[in-house]
Amino acid sequence: MNIVVVGAQWGDEGKGKVIDVLAKDADIIVRYQGGNNAGHTVVSDDEEFVFHLIPSGLLHPGKIGVIGNGVVVDPEALLEEVQRLSLAYARDPRRGIPRPGAEGQAQGLNVQQTLKLSDQAHLIFPYHKRLDVAEEKARSSSGSAVQGGGGRIGTTGRGIGPCYVDKVARCGIRVADLYDEAVFERKLRQNVDEKNRLLTAIYHESPVEFDPLRGQYRQFAKAIEPFVTNTTRFLHEAMVRKQRLLFEGAQGTLLDIDHGTYPYVTSSNATAGGACVGAGVPPTCIDRVIGVVKAYTTRVGEGPLPTEFAAELMQHIRARGNEFGATTGRPRRCGWFDAVIARHAVQVNGCDAMVVTKLDVLDEMPTIQLCTAYEINGRRLADFPSNIASLDRAKPIYESLPGWQSDTTQAEQFDDLPHAAQAYLHRIEELLGVKICLISIGSKREQAFRVGQW
Ligand code: IMP
């Protein structure tokens, strides 16, 4: 069975842990979009791992990780991640993590078998990161981008947007280009010249230097070569062998470039459809789509968040849920569960089942609010609005449910949960029209249980 796991809110739903749980029953875990803007956290044997580019799930021995053509790859970040995870592997060889050799060289026991990088993936260069930061600085801190006021997006500064811009503008540099010296030099020269014009004339920044950059990427090319392959072909061959694929969406539906709260979004298709384009597999091979939601809502960066908490509750939930970005460390904005956006996510992804994470974070709440619709300009709206500017003005319409005010972190099955927690989850199922298949009640691997048959 081939499964896509997608975030059904604004990212950070806990997909890393879900992938880690589902990876046991998969052979290959595939990232299909985004880049190292993602931060997927997995806690194994009390040790915390944060995956940015490498698919989570590789902590299970014998699994293969694929970074598909739709991902944008910062080779420096990739090598750093391989190095970091390989140290964990050295501490516990039962883990199936790739092992680089000395000086960060990507070689060693099982690298070629464990991690595959698409030769069609686009590369992030330092000028992308510089432009990302410069563009954000230039966007006025006042005003709202959604109202045409040019406000900040609140990007991660990892060069993701500018790299996708090059991809669409057809001037990007792909992994395969690294291995044709003449082509690589020509493309790099052209890009450096163009980006330097932008950096100096528009943003009044210093230019990037061509020669050191070329040298640095030649080194990266050698170091990542053992991973590089035609991943589309690899995945097709795997499917012929009846191997099971698990697609790991990064970010979330509301950050999707087409279906999210544009322009406060990332630059890729984080939704389930992105898996086909970003990995080169046909829609007909996807058997199940699983949406992941937190029991409440969070987002990082700018943009509308209709159910955002007031200061006191924000502080409480942020502290209990450790709501700080795994990539940038930024505090996340938190709010009540918003069924309007989650329903939108269920629709555009075609979710067959949902995972609810971090239920335990609500354990102390006397009352829980569930947003079922919005009031916009005096009118009730139960669907995700196509005019995103109106989300800024949306007043959530809440349903109040009693809290359970008891510890859920030890629950091993649905029946162990307090009745009020069960009622809350059933109401979410009703509002979304989809069954819940997995509930997570803590950061550890074992703090999750499946519900029903799936
Ligand atoms: P970018 O992806 O760095 O361009 O950032 C665009 C928007 O997506 C910003 O609001 C980021 O905070 C948000 N974002 C990007 N990656 C993630 C993620 O993995 N989790 C949550 N938010 C993210």
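Within the range 350-376, which residues are in contact (Cβ under 8 Å) with a residue 40 or more places away in the chain and closer than 12 Å to TYR424 by Cβ?
VAL356, LEU359, LEU362, ASP363, MET365, ILE368, GLN369, LEU370
Within the range 306-346, how many residues are over 19 Å from the mean Cα position of the chain (by Cα), buried (at least 18 other Cβ atoms within 10 Å of the Cβ) and in a loop (DSSP other than H, G, I, E, B)?
Of the residues in the range 306-346, 4 are over 19 Å from the mean Cα position of the chain (by Cα), buried (at least 18 other Cβ atoms within 10 Å of the Cβ) and in a loop (DSSP other than H, G, I, E, B).
Scan (1) touching a strand residue (DSSP E or B) at 6+ places or on another chain (Cβ under 7 Å); (2) within 14 Å of the ligand (Cβ to nearest atom); (3) of a type in the set (S, T, N, Q) for the single condition ASN2 breaks and write down its number.
(2)
Could you please tell me which pairs satisfy a Cβ distance under 9 Å, a separation of 6+ or placement on different chains, a first residue in the range 67-88 that is without any contact (Cβ under 8 Å) to a residue 12 or more places away in the chain and surrounded by fewer than 22 Cβ atoms within 10 Å (Cβ to Cβ), and a second residue that is part of a strand (DSSP E or B) and not basic (Lys, Arg)?
Partner pairs satisfying both residue conditions: ARG84/PHE49; ARG84/VAL50.
Looking at THR253, is it of a type outside the set (A, V, I, L, M, F, W, C), buried (at least 21 other Cβ atoms within 10 Å of the Cβ) and modelled with pLDDT of 95 or more? Please lay out each step first, then the result.
Values: of a type outside the set (A, V, I, L, M, F, W, C): yes; buried (at least 21 other Cβ atoms within 10 Å of the Cβ): yes; modelled with pLDDT of 95 or more: yes.
It is true that THR253 is of a type outside the set (A, V, I, L, M, F, W, C), buried (at least 21 other Cβ atoms within 10 Å of the Cβ) and modelled with pLDDT of 95 or more.
Which of the numbered conditions does TRP404 fail, given that it passes all the others? Conditions: (1) loosely packed, with under 15 Cβ neighbours inside 10 Å; (2) farther than 25 Å from THR253 by Cα; (3) in contact with a His (Cβ under 8 Å, 6 or more places away or on another chain).
(1)
Quick check on LYS435: is it surrounded by fewer than 18 Cβ atoms within 10 Å (Cβ to Cβ), under 26 Å from the mean Cα position of the chain (by Cα) and not assigned by TED's automatic domain parsing to the domain that holds ALA272? Give the derivation first.
Working: surrounded by fewer than 18 Cβ atoms within 10 Å (Cβ to Cβ): yes; under 26 Å from the mean Cα position of the chain (by Cα): yes; not assigned by TED's automatic domain parsing to the domain that holds ALA272: yes.
Here the answer is yes, as LYS435 does meet what is asked.
Could you list, in sequence order, the residues of the range 24-55 that are at pLDDT below 95, within 23 Å of GLU80 (Cα to Cα) and away from the ligand (no atom under 12 Å from the Cβ)?
Listed by number, the residues that qualify are VAL42, VAL43, SER44, ASP45, ASP46, GLU47, GLU48, PHE49, ILE54, PRO55.
Does VAL289 satisfy being in a loop (DSSP other than H, G, I, E, B), surrounded by 21 or more Cβ atoms within 10 Å (Cβ to Cβ) and away from the ligand (no atom under 14 Å from the Cβ)?
Answer is no for this residue.
Which condition does ASP256 not pass, out of (1) closer than 29 Å to VAL43 by Cβ; (2) under 17 Å from the mean Cα position of the chain (by Cα); (3) more than 15 Å from the ligand (Cβ to nearest atom), if it passes all the others?
With (1) closer than 29 Å to VAL43 by Cβ; (2) under 17 Å from the mean Cα position of the chain (by Cα); (3) more than 15 Å from the ligand (Cβ to nearest atom) applied to ASP256, the lone miss is (3).
For the range 347-370, check the following and say yes or no: at least one residue is surrounded by 18 or more Cβ atoms within 10 Å (Cβ to Cβ) and within 16 Å of the ligand (Cβ to nearest atom).
Looking through the range 347-370, at least one residue is surrounded by 18 or more Cβ atoms within 10 Å (Cβ to Cβ) and within 16 Å of the ligand (Cβ to nearest atom).
If I go through the range 20-56 residue by residue, how many of them are free of Cβ contacts under 8 Å to residues at least 40 places away in the same chain and among the polar types (S, T, N, Q)?
Of the residues in that region, 0 qualify.
Determine which member of the set THR297, THR271 is of a type in the set (Val, Ile, Thr), more than 21 Å from LEU401 (Cα to Cα) and buried (at least 23 other Cβ atoms within 10 Å of the Cβ).
Answer to the check: THR271.
Search the range 43-66 for residues being among the aliphatic types (A, V, I, L, M) and surrounded by fewer than 24 Cβ atoms within 10 Å (Cβ to Cβ), and hand back the single one that is nearest to THR114 (Cα to Cα).
ILE64
Quick grid of which residues meet (1) in contact (Cβ under 8 Å) with a residue 60 or more places away in the chain; (2) under 27 Å from ASN269 (Cβ atoms); (3) assigned to a helix (DSSP H, G or I):
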residue	(1), (2), (3)
VAL165	yes, yes, yes
LEU178	no, yes, yes
ALA182	no, no, yes
VAL192	yes, no, yes
SER206	no, no, no
PHE220	yes, yes, yes
ARG233	no, yes, yes
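Restricting to strands (runs of 3 or more DSSP E) lying wholly in the range 352-454: which have 2 or more residues that are closer than 20 Å to THR298 by Cα?
Working: elements: 353-357, 367-376, 379-381, 395-402, 436-440, 448-450.
The strands (runs of 3 or more DSSP E) meeting that bar are 353-357, 367-376, 395-402, 436-440.
For (1) exposed (fewer than 13 other Cβ atoms within 10 Å of the Cβ); (2) within 16 Å of the ligand (Cβ to nearest atom); (3) β-branched (Val, Ile, Thr), each residue gets a yes or a no:
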| position | (1), (2), (3) |
| --- | --- |
| ARG158 | no, yes, no |
| LYS167 | no, yes, no |
| ILE173 | no, no, yes |
| GLU181 | yes, no, no |
| GLU185 | no, no, no |
| GLU209 | yes, no, no |
| PHE220 | no, no, no |
| ILE224 | no, no, yes |
| VAL228 | no, no, yes |
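The values are calculated or read from the model by the stated rules, or taken from the named source; none is laboratory data. Nothing here was measured: the structure is a model prediction, and the numbers come from that model. Virtual Cβ from ideal backbone geometry, glycine too; neighbours counted across all protein chains shown.
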